[in-house]
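What follows is calculated from the coordinates using simple rules that are stated; it is not laboratory data. Just so it is clear, the model here is predicted, and its values are computed rather than measured. Cβ: placed from backbone, ideal geometry, glycine included. Neighbour counts: every protein chain shown.
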Ligand code: 5GP
Ligand code: ZN
C-alpha cells in the first residue's frame, strides 16, 4: 500500500468516525464492523498473512513494534460466539505468524492478548487476537506483568467446581 502514514491515519479516522472526547479518551463510533470492512477490502490494512479463514495485519495504533491482529474472516464478536473452525484457524495461523515475528524482530517475548466484551475494553467487536512482541530494551508490557498474591484457596476450589459443573 502506498498511502503516507498521515493520509492513512486521516482516512482511518474518517472511516471510523473516530473522535477524542473532552476527557481525552478515544471513542470509536461505528455503525458497521470495521474488521469486516477490512476483510472485504473496503478499508486498507497492512496485511501480513491471509488464508481461507484468517487475515492478519499490523495494528494501526501499535503497543509495540510488530503489534499484529489476527482475525477470522467470518464475523464473530468474541470467544463466546466464534465457530470452532475459525478459532482453530486463527490460532494455527498465529503459530506461523509468531514465527515470522520472531525471525523479523527477534523479540524477547510475544504477548497474546484477546479481549471479550466492553467490560474489558474490547473496542472492535470482531474477534481478534493481538500478538504483541516485546524487545529486550522496550518498556515493560503492563498487561503481561502483575503481582502474584495468593487467593483464597477454598473459594478458588468452590468456584472451580461450579464452573466445571457448567462444562458437563
Ligand atoms: P481491542 O481493544 O478491541 O482488543 O483492540 C482493537 C484494536 O484494533 C486496537 O489495538 C486498535 O488500534 C485496532 N484497530 C482499530 N481499527 C483498526 C483499523 O482500522 N486498522 C488496524 N490495523 N487496526 C485497527
Ligand atoms: Zn466483523
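Computed extension length for residue 106-residue 163: 16.6 nm, one decimal, from 0.36 nm per residue of separation with the Cα-Cα distance subtracted. Taking a ≥ b ≥ c as the square roots of the Cα gyration tensor eigenvalues, with a/c under 1.5 meaning rounded and otherwise prolate when a/b beats b/c, else oblate, which class fits the stretch 104-165? Cα axes put the stretch 104-165 in the oblate bin. Packing-based ranking of 133-146, 69-82 yields 69-82, 133-146, ordered from highest to lowest mean Cβ neighbour count within 10 Å.
Over all pairs of distinct alpha carbons, what does the Kirkwood formula give as the hydrodynamic radius of the stretch 32-167, in Å? Can you show the working numbers first?
Details: mean 1/r = 0.0603 Å⁻¹.
Taking the inverse mean of 1/r over all distinct Cα pairs, the stretch 32-167 comes out at 16.6 Å.
Using 0.36 nm per residue of separation minus the Cα-Cα distance, give me the extension gain between residue 121 and residue 145 in nm, one decimal.
Numbers: separation 24, 0.36 × 24 = 8.64 nm, distance 1.80 nm.
Residue separation times 0.36 nm, minus the Cα-Cα distance, leaves 6.8 nm.
Going by neighbour counts of Cβ atoms within 10 Å, the residues 45, 33 line up, fewest first, as 33, 45. In percent, rounded to a whole number, the relative contact order of the stretch 32-167 is 23, using alpha-carbon pairs under 8 Å and six or more apart.
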